[in-house]
């Protein structure tokens, strides 16, 4: 599908008065101007909406999803991406924890509302993101309007260190949609004990989730630029197919209300 790219600037107030830019990637089908699509919020890593994030958003949009990518640091800087260098990394990490979790949550709510307000949105919403964005996609799933989320190597969930008010693990039971959690086993940002904690917490909270750890993958393995040798296109393709499987099932179909007890599973071969 072809993609039309625009943006919206929306007011935000949770952490001071500012304007958040939401980058929109809208699929188009010739001769069908009133076609309706599911919406997906794409949350960026600590560098805001960079080239790799925009390409990821376009890839999703080309499959028939309206994508909204918010600029996370609008209280502090403009919507432009931070550089993939030392100063850009330092600033991104500084702003990540300087921003309050309540402000991140407002950003997510505004992005979901922006999608639902579009006459071309079918009312079904997903979320995804990488690194910081993986955590934000997880938190976006706390919103009952979100049906599914795919979280790539989500940082800081295990340590509750996203920022002031980080209660992501404690609120796992509030997630009513389905999750896909993807990590690299060589990811030193989220060590084995941290991954185990997240997985067990989701189990204990009876969250519907899929869990995938890639044997040789490091942190940021889907980033196709400045990845310091960590980008793995083959595994990235597999993970994207997992994203499509969930979104195609959960966002395109009218599944009705979720039933907790799916019936007894027989112990047969």
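The values are calculated or read from the model by the stated rules, or taken from the named source; none is laboratory data. As the structure is a computational prediction, the values presented were derived from the model and not from experiment. Reconstructed Cβ throughout: ideal geometry from the backbone, glycine too, with neighbour counts over all protein chains shown.
Here the range 1-21 is the region considered, the condition is being under 22 Å from the mean Cα position of the chain (by Cα), within 20 Å of residue 163 (Cα to Cα) and assigned to a strand (DSSP E or B), and the residue that is modelled with the lowest pLDDT is 14.
When 68, 114, 54, 102 are checked against the criterion of being crowded, with 22+ Cβ neighbours inside 10 Å and either touching a helix residue (DSSP H, G or I) at 6+ places or on another chain (Cβ under 7 Å) or in contact (Cβ under 8 Å) with a residue 12 or more places away in the chain (or both), a single residue qualifies: 68. Does residue 197 satisfy being in contact with a helix residue (DSSP H, G or I) (Cβ under 9 Å, 6 or more places away or on another chain), part of a helix (DSSP H, G or I), more than 30 Å from residue 83 (Cβ to Cβ) and at pLDDT 95 or above? It is false that residue 197 is in contact with a helix residue (DSSP H, G or I) (Cβ under 9 Å, 6 or more places away or on another chain), part of a helix (DSSP H, G or I), more than 30 Å from residue 83 (Cβ to Cβ) and at pLDDT 95 or above. You will find that of 75, 80, 94, the residue that is more than 18 Å from the chain's Cα centre (by Cα), more than 28 Å from residue 241 (Cβ to Cβ) and in contact (Cβ under 8 Å) with a residue 40 or more places away in the chain is 75 and no other. Under the condition of being assigned to a strand (DSSP E or B) and surrounded by fewer than 19 Cβ atoms within 10 Å (Cβ to Cβ), the residues counted in the range 22-44 number 1. One residue stands out among those in the range 159-185 that are more than 23 Å from residue 125 (Cβ to Cβ) and in contact with a strand residue (DSSP E or B) (Cβ under 7 Å, 6 or more places away or on another chain): the one that is surrounded by the fewest Cβ atoms within 10 Å (Cβ to Cβ), which is 185.
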